[in-house]
Amino acid sequence: MNRSMPSADVKMSLLREIEGAPSTPRPLESKRTARLVAGALLLSIAAFVGYGGVRIAGRAPSLMIGTIAGTAIIAAVAVWAMIGRGRAMVGRASSWLTAVAIASPLALLAWKIFWSAQYEHGLDRIEGRVGFRCLGFTLTLGAFPLVALLFSRRGTDAVHPGRAGMGIGVALGLAATVLVDAWCPVAYVPHLLLGHILPLVVLGAAGLWLGKKILAP
Amino acid sequence: MPSTPMPERARLEENHEESGVTWVTEWASVGMFEVEGSDKTDPEVRRGPPAEPDAPASPTREARVESQSSDAAADRAMDRYASGDAAAFSELYDLLAPRLFAFLLRSTRSRCEAEDLVQQTMLKMHCARGRFIRGAGVVPWAFSIARRLMIDRARRSKVRGTLGDFGDAGDVLAQLAALDLAVDEVVHSRLVGKIIQQELDQLAPRNRLAFELVKQDGLTHAEAAKVLGTTVMAVKLRTHRTCAVLRAALRKSLNGGDA
């Protein structure tokens, strides 16, 4: 017996075990994943349409376009930084994920305040728009893709499944916020904190918890 | 001594290797424990004896190339297996299992447990094969799964493996004498090995693991960073710190011993 090698029995029993528990090869798994993610995105879009879709609500077109464009850029960077893995099974470093997960909602908040402040009454309070509807809307839009993406990556992150899940949650929350910005005209700061930033925190926390359960091998 | 010298010799050599003596002498041979101010070694240098001045290619370079080609072969095997080629699993196992086993054995100090963890690691890879990214490196992924399983098991049992005392008990000198090594060389190697192991055990786990992955398991800094979920710079820093601690400990102990 070679002491620097596992015994031959290990290989034999392993081969027997995988014969008894076949796994899905990549071509099939890719199709399943595509269907799953596409289904989740369709549900989100259906929810967006169900909530009323794009609403200008008296906003200046440049205010609306600028807000959406800025949010879209922040969301794109967040998706690249926290969901993208490049050609590697193990994602980015934990410190990187944590930094981007904290910085991107702050960047979103800063952008919305900055851009809305350029317009008269841009940061004013609107009666009856506390932020709960935006909170629910963002959570609804982000939840389906979050579950779908976590499930499509199940059992693959052995290094930091929780943080990877958190990153996915925040990034998808930001992507959902692009649609929410097309719907919500309010930029009153307490409203932004409750309706636009809190859901990112909630989705991040949900991703953290689900990531530990689903992403860990 | 047994009547069949060759198998016994092989066993002793394996014990000898497992005891840590081999890697100690290998590290020493590549200048890992050179005192500061002496010739610096290439940080990427792995195992192997020092190069001959006129050698066409240095053995360390060959070892590195060999390690890289082994990694590439493992990547190809995993890619084939992920694509549905069931026969590639056996090849993948042959390429990965010895490295995973060495890593796990060193951490758990239990052959049985290490074998079990190798099996579980390969099984997890099998289950997730459909989600393996085309062109990704399989070695860091396999090590990260193995490490996670080991940590989970340790957490569950709340018992860390006992610190082995380098190989099996018994008349070690008599055993090593069968290897035709000079006794003082053996004693010296064992002493160095013990010092290193004691120092490693006292180090912060993250520093020790970074050092072991790079220096003992032959992973690149980038691969070790992936396994540990940190940056390449952090791995280089941890490895450098560990080397410095070991150098200082060896200098102190060996100079003290000679005095």
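Laboratory data are not the source of any read-out in this text; all were calculated from the coordinates shown. Since the structure is predicted, the reported quantities are computational estimates derived from the model, not experimental observations. For neighbour counting, all protein chains shown are included, and Cβ atoms are generated from backbone atoms with ideal geometry for every residue, glycine included.
Rounding to the nearest 10 and keeping the result within 0 to 90°, find how far the Cα-based axis of helix A:94-117 lies from the longest principal axis of chain A. Approximately 10 degrees, to the nearest 10.
The alpha-carbon atoms of segment A:94-187, seen along their principal axes, cover 50, 25, 17 angstrom, with the largest extent given first. Highest average first, the peptides B:194-201, B:121-128 ordered by how many other beta carbon atoms sit within 10 Å of their residues are B:121-128, B:194-201. Computed from Cα positions, the angle between helix A:198-214 and the longest principal axis of chain A comes to roughly 10 degrees.
Among A:G167, A:G204, A:G58, the largest mean-square fluctuation in a Gaussian network model of chain A, built with springs joining Cα atoms closer than 10 Å, belongs to A:G58. Projected over all directions and averaged, the alpha-carbon convex hull of segment A:18-99 occupies 9.1 nm². Please work out whether segment A:96-141 counts as rounded, prolate or oblate from its C-alpha gyration tensor, where a ≥ b ≥ c are the square roots of the eigenvalues and a/c under 1.5 means rounded, while otherwise a/b larger than b/c means prolate and anything else oblate? It is oblate, given that a/c is not under 1.5 and a/b is not larger than b/c. Taking A:V77, A:V49, A:V180 as the candidate residues, the one with maximal mean-square fluctuation in a Gaussian network model of chain A, Cα springs under 10 Å, is A:V49. Given their separation in residues at 0.36 nm each and the Cα-Cα distance between them, A:R55 and A:S95 gain 10.6 nm when the chain is fully extended. Is the shape of chain A rounded, prolate or oblate, going by the alpha carbon gyration tensor and its root eigenvalues a ≥ b ≥ c, with a/c under 1.5 for rounded and a/b larger than b/c for prolate? It is prolate, given that a/c is not under 1.5 and a/b is the larger ratio.
The string of couplings for segment B:105-113 from the Karplus curve (6.51, -1.76, 1.60, θ = phi - 60°) is 5, 5, 7, 8, 6, 9, 4, 4, 5 Hz, one whole number per residue in order, with x for Gly and Pro. In this label model, A:A47 and B:S110 are separated by 4.5 nm, measuring between points 7 Å along each Cα→Cβ vector. One quarter of the convex hull surface built on the alpha carbon atoms of segment A:1-48 amounts to 5.7 nm², the projected area averaged over directions. Relative contact order of chain A: 29 percent, from C-alpha pairs under 8 Å at least 6 residues apart in sequence. Calculate, for A:S7 and B:A204, the FRET efficiency according to 1/(1 + (r/R0)^6) with r their C-beta to C-beta distance and R0 45 Å; round to the nearest 0.05. Using R0 = 45 Å, I get an efficiency of 0.85.
Backbone phi angles across segment B:236-244, fed through the Karplus curve with coefficients 6.51, -1.76 and 1.60 (θ = phi - 60°), yield HN-Hα couplings of 4, 5, 5, 5, 5, 4, 5, 4, 5 Hz in residue order; Gly and Pro are listed as x. Rounded to the nearest 10 degrees, the inclination of helix A:8-20 to the longest alpha-carbon principal axis of chain A is 50 degrees.
Using the empirical formula 2.2 N^0.38 Å as the baseline, the Cα radius of gyration of segment A:134-214 reaches a ratio of 1.11.
Mean silhouette area of segment B:212-259, derived from the convex hull of its C-alpha atoms and averaged over all directions, reads 3.4 nm².
Among the trypsin sites (Lys or Arg not before Pro) in segment A:37-100, those located in a DSSP loop and surrounded by at most 11 other Cβ atoms within 10 Å of their own Cβ are A:R87.
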